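Undergrad: This is the structure, below, for whatever I ask next.
The values are calculated or read from the model by the stated rules, or taken from the named source; none is laboratory data. Computed from a prediction, not measured in an experiment: that's the story for all the values here. In this analysis, Cβ positions are derived from the backbone assuming ideal geometry, glycine residues included, and neighbour counts consider all displayed protein chains. Note: accessible area is taken over every heavy atom of the protein model, side chains too, but ligands, DNA and RNA are not part of it. Shrake-Rupley method; radii C 1.70, N 1.55, O 1.52, S 1.80 Å.
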Amino acid sequence: RSAIISGEMQPGRVYSAPSLGEQFGVSATPIREAMLDLVREGLVIALPNRGFQVTEVSPRDLYEVTELRLMLEPPAIERATPFIPAEALPGLRRQAAAIVEGAETGDLIGYLTADSDFHLALLQYAGNSRLTELVASLRSQTRLFGLASLAEQGRLTASAREHDAMLDAIEAGDGVRARELVHAHIEHVLTDWSDLAAAGSPSAAEPRPA
């Protein structure tokens, strides 16, 4: 899933279970099972006797998903802040550090996995499991092509370090500030991606959500 979201597995290209098994260091059987799960999620298409093809996601799709995340995540973090216990903070700090490490080393799958784990861990304290599941689904529907370029430019690391500021606000019990930081962070990620996409393809530039 992270390889698809990061763009490491590209839309339009057909991937066989044996080749993916070799890439990820596992046998073809669990690869097929995992890919069939991703078929059900709409991330890939099964091609009989050929393999699996990653579905296309347009810039408009990304903007719509991001707009929904902006509606859901910031207020949920504000609601969650009073319920995040002090004993959970060291683990969250380690997760934030893992995001930075993935950005600095160019480990895009590690970066995205740690980033998703961090945000979903925070949302769990809002006490709404359906919201957490919805946000997880929305995150899986995006394709952030160009992350490698952002990592090389240092912009991915700057984005990754924003998680520490979120935790500072949460530790201080400032839910309003945490909400503002999460909102800015989601917009920042979209801005970085759209700048890169627009530079590579004029057709990729579309109006951004408010």
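Undergrad: Applying 1/(1 + (r/R0)^6) with R0 = 35 Å to the Cβ-Cβ distance of Glu104 and Ser129, what FRET efficiency is obtained, to the nearest 0.05?
TA: Numbers: r = 33 Å, r/R0 = 0.94.
According to the calculation, E is roughly 0.60.
Undergrad: Can you tell me which of 95-103, 15-23 comes out highest on packing, and rank the rest after it, using the mean Cβ neighbours within 10 Å?
TA: On the way: 95-103: 20.7, 15-23: 16.0.
Averaged packing, sorted descending, gives the order 95-103, 15-23.
Undergrad: Could you tell me which helices of the chain pass both thresholds, a Cα extent of 20 Å or more along their own axis and a mean Kyte-Doolittle hydropathy of at least -0.5, with helices taken as whole DSSP H runs?
TA: Numbers: long enough: 59-80 (30 Å, -0.38); 89-105 (24 Å, 0.05); 108-124 (24 Å, 0.76); 175-200 (38 Å, 0.07).
Long hydrophobic helices here: 59-80, 89-105, 108-124, 175-200.
Undergrad: Let me ask another. Using a Förster radius of 22 Å, what is the FRET efficiency between Thr29 and Glu8 based on their Cβ-Cβ separation? Nearest 0.05, please. All intermediate terms of the calculation are to be shown ahead of the outcome.
TA: Values: r = 22 Å, r/R0 = 0.99.
For R0 = 22 Å, the calculated efficiency reads 0.50.
Undergrad: How far is the Cα center of segment 30-78 from the Cα center of segment 151-166, in Å?
TA: So the two Cα centres are separated by 24 Å.
Undergrad: Any chance you could list the semi-axes, whole Å, largest first, of the equivalent ellipsoid that the Cα gyration tensor gives for the chain, using √(5λ)? Walk me through the numbers on the way to the answer.
TA: Numbers: eigenvalues 175, 79, 56 Å².
Ellipsoid half-lengths, sorted descending, are 30, 20, 17 Å.
Undergrad: Follow-up question, since we're still on this one. How much accessible area per residue does the chain have, in Å², with a 1.4 Å probe? Numbers along the way, then the final one.
TA: Working: 10480 Å² over 210 residues.
Spelled out: the 1.4 Å probe surface of the chain, per residue, equals 50 Å².
Undergrad: If R0 is 45 Å, what FRET efficiency do you get for Leu47 and Phe83 from their C-beta distance, rounded to 0.05?
TA: Numbers: r = 46 Å, r/R0 = 1.01.
After rounding to 0.05, the efficiency reads 0.50.
Undergrad: Express in nm, to one decimal, how much length is gained between Asp168 and Arg93 on full extension, taking 0.36 nm for each residue of separation and deducting their alpha carbon distance.
TA: Values: separation 75, 0.36 × 75 = 27.00 nm, distance 0.98 nm.
Residue separation times 0.36 nm, minus the Cα-Cα distance, leaves 26.0 nm.
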